[in-house]
1. Output the number of residues of the range 303-329 satisfying the condition of being open to solvent by 20 Å² or more (accessible area, probe 1.4 Å), on the phi < 0 side of the Ramachandran plot and away from the ligand (no atom under 16 Å from the Cβ).
2. I'm told Ala385 meets every condition in (1) in contact (Cβ under 8 Å) with a residue 24 or more places away in the chain; (2) more than 25 Å from Lys56 (Cβ to Cβ); (3) touching a helix residue (DSSP H, G or I) at 6+ places or on another chain (Cβ under 8 Å); (4) not charged (D, E, K, R) except one. Can you identify the failing condition by its number?
3. Go through the range 42-53 and count every residue that is surrounded by fewer than 19 Cβ atoms within 10 Å (Cβ to Cβ) and out of contact with any Ser or Thr (no Cβ under 6 Å at 6 or more places or on another chain).
4. Scan the range 37-63 and report the pairs whose first residue is in contact (Cβ under 8 Å) with a residue 40 or more places away in the chain and closer than 16 Å to Glu205 by Cα and whose second residue is charged (D, E, K, R) and part of a helix (DSSP H, G or I), with Cβ atoms within less than 7 Å and a gap of 6+ or a chain change.
5. Within the bounds of the range 345-357, is there any residue that is part of a helix (DSSP H, G or I) and outside the structural domain of Gly49 (by TED's automatic domain parsing)?
6. Can you confirm whether Ser284 is open to solvent by 10 Å² or more (accessible area, probe 1.4 Å) and within 11 Å of the ligand (Cβ to nearest atom)?
7. For the range 137-195, what are the residues that are open to solvent by 10 Å² or more (accessible area, probe 1.4 Å), under 26 Å from Val68 (Cα atoms) and more than 16 Å from the ligand (Cβ to nearest atom)?
8. Name the single residue that is most open to solvent (accessible area, probe 1.4 Å) among those in the range 377-393 being closer than 16 Å to Arg350 by Cα and in contact with an Asp or Glu (Cβ under 9 Å, 6 or more places away or on another chain).
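The values are calculated or read from the model by the stated rules, or taken from the named source; none is laboratory data. Predicted, not measured: the structure shown is a model, and the values here were computed from it. As a convention, Cβ positions derive from the backbone with ideal geometry for all residues, glycine included, and neighbour counts pool all protein chains shown. Heavy atoms of the whole protein, side chains included, go into the accessibility calculation; ligands, DNA and RNA do not. Shrake-Rupley method; radii C 1.70, N 1.55, O 1.52, S 1.80 Å.
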Amino acid sequence: MSLSEAQSSVAGTKRPVTMEKLVNLCKRRGFVFPSSDIYGGLGSTFDYGPLGIELKRNVKEAWWRDMVQRRSDVLGLDAAILMHPRTWEASGHLQSFTDPLVDCKKCKQRFRADHITGDRCPECGGELTEARRFNLMFKTFMGPVEDEASTVYLRPETAQGIFVNFDNIVDTQRVKLPFGVAQIGKSFRNEITPGNFIFRTREFEQMEMEFFVRPNAEEEERWFNFWVEFRYNWFLKYGVARDHLRMRPHGAEELSHYSRGTTDLEFLYPFGWGELEGIAKRGSYDLDQHAKYSGRDLTYFDDETKERFRPWVIEPALGVDRAMLAFMLEAYDEDVVENEERIVMRFDARLAPIKVAVFPLLRKGGQPEKAQAVREELQRYFPVAYDQAGSIGRRYRRQDEIGTPFGVTIDHQTMDDDTVTLRDRDSTQQERIPIARLASEISARIGWHR
Ligand code: GAP
């Protein structure tokens, strides 16, 4: 048993997945490719292939549906990645968004000072420099002149786009506290130690929501607990097992510079427990800072109490890529069907990249033409795969491996009575149903409404 296999069975349920198996599957089937692959890849950046992009869109849509569209107290926003550089002075990121770094004087490698033990280089045993603070923000220049005045940053979190739009939202949307503003978008961090595939990368996507509440400890506690529980249940809803997910409150020494209290939702990765999502109490830190740096008031007028104040904030913040990693690790399974081993990705049907695959049993007797017609009809509703190459068993297996929840087979009986078999990925059970009922039956089984 390899180390990662041993670690993957840490929890109560034993999982067959390892990082290596998942990375291979992702490359082989077109979920995730190394970025700039033909040039040997670019350190810890990845491209999402045809199946990866479908999964990614489904994860973002699931989050947006549950966090924005199904709630009457949360609105959406899409702010620019490039922001006024004063933003990062105000937010504290210029000053505090740093990691302590040491350099080896001999081999010139860099390490996070808090990740090494002892005072010698872990690679070559050379002497190390004093620790220095290293800012994680990527810098670039805006316009043709490359000087300090034209320096801008790629945002390291989406959250600030929401805070700088606080007045715009309050002035235009007739919102009442408590209310939230959510957004999904790219963030960039020049991480010193990226790694573990798409777990920690330098370019990634975040789904964040800033939930504004009345500024008192009772409201803060109530909504903090609400969102921790809501977010925990969200992962269960889309298939994460309870014993692979836990809540971990931060100790005072590990809190971010803006946080008054944070609880992480941790997932059991094959390399051990690690952060999946963070829920933080940001208080009025960000609005206070932006008020100070912009000269704008950024207060809210409470109609009920006739008071003006800056609300406090509860923030659930999740990485899209990290959520995908967790859902893929959770979905990965191996079993035996009709004496043949298969890999099966047991995605929740709402997250699965392809919802249904259509197969003619034989490549004759009008079956391929009929199957193409069924594919066309179903494609009006769902992403569909069509496969007529190889034995039917192999074709099922190919779809199981990418997590397609339903398979439709056209056979000789179809040519007589317009019925097909509908196969379920997990149970492998098949049922005969009329073509006319296929789309509504599959739609009901996907369970969009849940
Ligand atoms: N606005 C708060 C914030 O950004 P964070 O804990 O630094 O908090 C939130 O990030 C989430 O974003 C993390 O829980 C993780 O899911 C994701 N994330 C952060 N850094 C990441 C990275 N380098 N690569 C991939 N995902 C990352």
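1. Number satisfying all stated conditions: 7.
2. (2)
3. So the count comes out to 4.
4. Going by the 7 Å Cβ cut-off, there are no qualifying pairs.
5. No, the conditions are met nowhere in the range 345-357.
6. no
7. Asp167, Asn168, Ile169, Val170, Asp171, Thr172, Gln173, Arg174, Val175, Lys176, Leu177, Pro178
8. For the range 377-393, the residue satisfying everything is Pro383.
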